[in-house]
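*Asks:* Have a look at this one before I ask anything.
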Amino acid sequence: MEMTARLAHLDTKLDGRNCDGLVNHNGETTEIRVPLSHTGKRLSPIEGGNLYRLRDRKFLLEDKKRLCAWALGTALLGILLMVLHAELCPVVYQPGSIYALSINGLISFSTGCLLILIIAFHYKDIRLFIIDHNQVDWRIAMTSNRVLGISLELIVCAIHPVAIYLRPDMGDRLGGKPEQNSSTPLCLSSSHKEVMLDVELLLSALMFLRLYLVHRAVLLHSKVLLSASYRSIGSLNNINFSFRFVLKVLMNKYPARTLLVFIMFFWLSAAWMLRLCERQKQVETGGMDTALWLIAITFLTVGYGDVSPHTSCGKLVCLFTGVMGVACTAMLVAVMTKKLALNKGEKHVHFFMMDIQISKRIRHAAADVLRECWLLHRTTQTKDNSGEHRHHQRCLLEAIRVFRHLRLKQRKLRDYASEMVDLSKMQMIMCDLSANWNSSYHELEQRIISMEQKLDELGRSFQSTSELLTQALHRRRLDHR
């Protein structure tokens, strides 16, 4: 950025000197350039023109999308390795073996790669913020909320089982007693303390928190965010393209598919976490089949009572499963209601046919009322059979009741159908009303103009009449004199 000023011709000369290039010896105007940025700092393309900014913004968005995909893949790889290690360690290989150390080393390596990818992702995000807000210093983007979010993400992604790296005699030195079971519930040495089992269990379960990256990947890879038309129309309507908006779009377009994928993934994940928690007590819920059954009946809020969790961790998993089951049931009911509801055209056809049927029944009811009136009148004229007279009176009152009931039903149906006037029909009605108002306005304007012309003519005629009267009176006065 530079500020340019044109100096006028100076009246006095400054000792024949140039004064830092301000004035030439010939007295001509001189251009002064004052840089607003720091001296010695070269402007990068990001700080330059708009074309460079748009290009760099596009490249940064592509880099963010690629880094998010790699981070999600690395997180899923770490979770799969953790599940594989937890399933194979007590059965296939023993704790402390080379296989256990290798798989735990791979888990730690994937965790380190995930942390690097998270840092790179936020680095690209900060650069994108700088481009969007036309800032130079990156420290402006480092707000307290951003720093807290990055720190929380790094802590969540850094969680993984680390008890295998501890020395086997640590539990003895801490005063712990060796366990008597030959098969430990988790991949830990028998000399470890019981609290280390709980730590290993907690760290293994908390690795599922890495799945928060799913919502970021869905947002960055969605067609809603990648479409320029979506972004343009959304910016005009002040729409924030967040994961909530993308989730609403997916639930409107693919409701059954989205719910099915979420429910199946949650069912399997919760069942394995329950098995991991219950395996520590060596109870029947430690099996995968029993855990699947318990999660299913808890998710559906049935709860037969044949099996129940025994550990605090298992009870917590079942509690969370029940809450998610209630939420998913509510969403499933909403989706089924939307699928079973009639659309606008079907409602119009249905109400039209119901109106026709009710109108036909009203005509029949009116005919029944007239028929019963005639029969009652005929029995009244005879005055012989009082039982038949009372019978026709009852029939007449019943016919009147049916007629009134059908009229009320037709009125309710038409009131409900009148609320479903579509936008196109309402627009046509408003256009017709506007055209009628315009024609009435033009007609009224023409009438006003014609009235003004007639009033002008009347004024001129009154003026000419007054002049003629004045002249006649003047002549009469002259003749009188």
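The values are calculated or read from the model by the stated rules, or taken from the named source; none is laboratory data. In this text, all values refer to a predicted model and were calculated from it rather than measured experimentally. Cβ atoms come from the backbone with ideal geometry, glycine included; neighbour counts cover every protein chain shown. Keep in mind that these areas ignore ligands, DNA and RNA; they rest on the heavy atoms of the full protein, side chains included. Shrake-Rupley method; radii C 1.70, N 1.55, O 1.52, S 1.80 Å.
*Asks:* Between Ser359, Ser418, which is modelled with pLDDT of 90 or more and either exposed (fewer than 10 other Cβ atoms within 10 Å of the Cβ) or polar (S, T, N, Q) (or both)? Spell out the reasoning first.
*Replies:* Numbers: Ser418 fails: modelled with pLDDT of 90 or more.
Just a single option satisfies the conditions, and that option is Ser359.
*Asks:* State whether one or more residues within region 213-222 are loosely packed, with under 14 Cβ neighbours inside 10 Å and free of Cβ contacts under 8 Å to residues at least 40 places away in the same chain.
*Replies:* no
*Asks:* Name, by its number, the condition in (1) touching a helix residue (DSSP H, G or I) at 6+ places or on another chain (Cβ under 6 Å); (2) at pLDDT below 75 that does not hold for Ser227.
*Replies:* With (1) touching a helix residue (DSSP H, G or I) at 6+ places or on another chain (Cβ under 6 Å); (2) at pLDDT below 75 applied to Ser227, the lone miss is (1).
*Asks:* Restricting attention to region 340-347, does a residue exist that is of a type in the set (Asp, Glu), within 29 Å of Arg414 (Cα to Cα) and exposed (fewer than 11 other Cβ atoms within 10 Å of the Cβ)? Please lay out each step first, then the result.
*Replies:* Narrowing region 340-347 to residues of a type in the set (Asp, Glu): 346.
The next check asks that each one be within 29 Å of Arg414 (Cα to Cα); those that pass are 346.
Subsequent filtering for residues that are exposed (fewer than 11 other Cβ atoms within 10 Å of the Cβ) retains 346.
Yes, because at least one residue in region 340-347 is of a type in the set (Asp, Glu), within 29 Å of Arg414 (Cα to Cα) and exposed (fewer than 11 other Cβ atoms within 10 Å of the Cβ).
*Asks:* Taking region 260-288 as the region of interest, how many residues are at pLDDT 80 or above and either surrounded by 16 or more Cβ atoms within 10 Å (Cβ to Cβ) or under 19 Å from Leu319 (Cα atoms) (or both)?
*Replies:* Taking region 260-288 and keeping what is at pLDDT 80 or above, we get 260-278, 288.
Next, from what is left, pick out any that are either surrounded by 16 or more Cβ atoms within 10 Å (Cβ to Cβ) or under 19 Å from Leu319 (Cα atoms) (or both): 262-278, 288.
The number of residues fulfilling the criteria is 18.
*Asks:* Might you check whether a residue that is at positive phi and small (Gly, Ala, Ser) occurs anywhere in region 296-305? So that I can check it myself, show each step before the final result.
*Replies:* Going residue by residue through region 296-305, those that are at positive phi are 301, 303, 305.
Now restrict to residues that are small (Gly, Ala, Ser): 303, 305.
Yes, region 296-305 has at least one match.
*Asks:* How many residues, within region 184-212, are at pLDDT 70 or above, in contact with a Gly (Cβ under 9 Å, 6 or more places away or on another chain) and open to solvent by less than 20 Å² (accessible area, probe 1.4 Å)?
*Replies:* If we filter region 184-212 for residues that are at pLDDT 70 or above, which is where we start, we get 196-212.
Filter once more, so that each one left must be in contact with a Gly (Cβ under 9 Å, 6 or more places away or on another chain): 196, 207, 210.
Remaining after also requiring open to solvent by less than 20 Å² (accessible area, probe 1.4 Å): 207, 210.
The number of residues fulfilling the criteria is 2.
*Asks:* In region 361-390, which residue that is of a type in the set (Lys, Arg) and farther than 16 Å from Lys412 by Cα is farthest from the chain's Cα centre (by Cα)?
*Replies:* Here the residue is Lys383.
*Asks:* With respect to Ile103, is the statement that it is part of a helix (DSSP H, G or I), over 32 Å from the mean Cα position of the chain (by Cα) and modelled with pLDDT under 90 true? Spell out the reasoning first.
*Replies:* On the way: part of a helix (DSSP H, G or I): yes; over 32 Å from the mean Cα position of the chain (by Cα): yes; modelled with pLDDT under 90: yes.
Taking the combined requirement at face value, the residue satisfies it.
*Asks:* Also: Please specify each residue of region 360-417 satisfying the condition of being among the β-branched types (Val, Ile, Thr) and over 30 Å from His348 (Cβ atoms). Let's see the steps before the verdict.
*Replies:* Residues of region 360-417 that are among the β-branched types (Val, Ile, Thr), as a first pass: 362, 369, 379-380, 382, 400, 402.
Residues satisfying the conditions are Val369, Thr379, Thr380, Thr382, Ile400.
*Asks:* Quick one: how many residues across region 315-339 are surrounded by 10 or more Cβ atoms within 10 Å (Cβ to Cβ) and of a type in the set (D, E, K, R)?
*Replies:* 2
*Asks:* When both residues are 6+ apart or on different chains and their Cβ atoms are under 8 Å apart, which pairs have a first residue that lies in region 381-405 and is free of Cβ contacts under 8 Å to residues at least 12 places away in the same chain and farther than 12 Å from Asp368 by Cβ, and a second that is β-branched (Val, Ile, Thr) and in a helix (DSSP H, G or I)?
*Replies:* Asn385/Thr379; Glu388/Thr379
Matching residues to (1) more than 23 Å from Leu206 (Cβ to Cβ); (2) among the β-branched types (Val, Ile, Thr); (3) surrounded by fewer than 18 Cβ atoms within 10 Å (Cβ to Cβ):
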position: Met82; (1), (2), (3): no, no, no
position: Leu88; (1), (2), (3): no, no, yes
position: Ser97; (1), (2), (3): yes, no, yes
position: Ile103; (1), (2), (3): no, yes, no
position: Phe109; (1), (2), (3): no, no, yes
position: Arg127; (1), (2), (3): yes, no, no
position: Ile130; (1), (2), (3): yes, yes, no
position: His133; (1), (2), (3): yes, no, yes
position: Arg139; (1), (2), (3): yes, no, yes
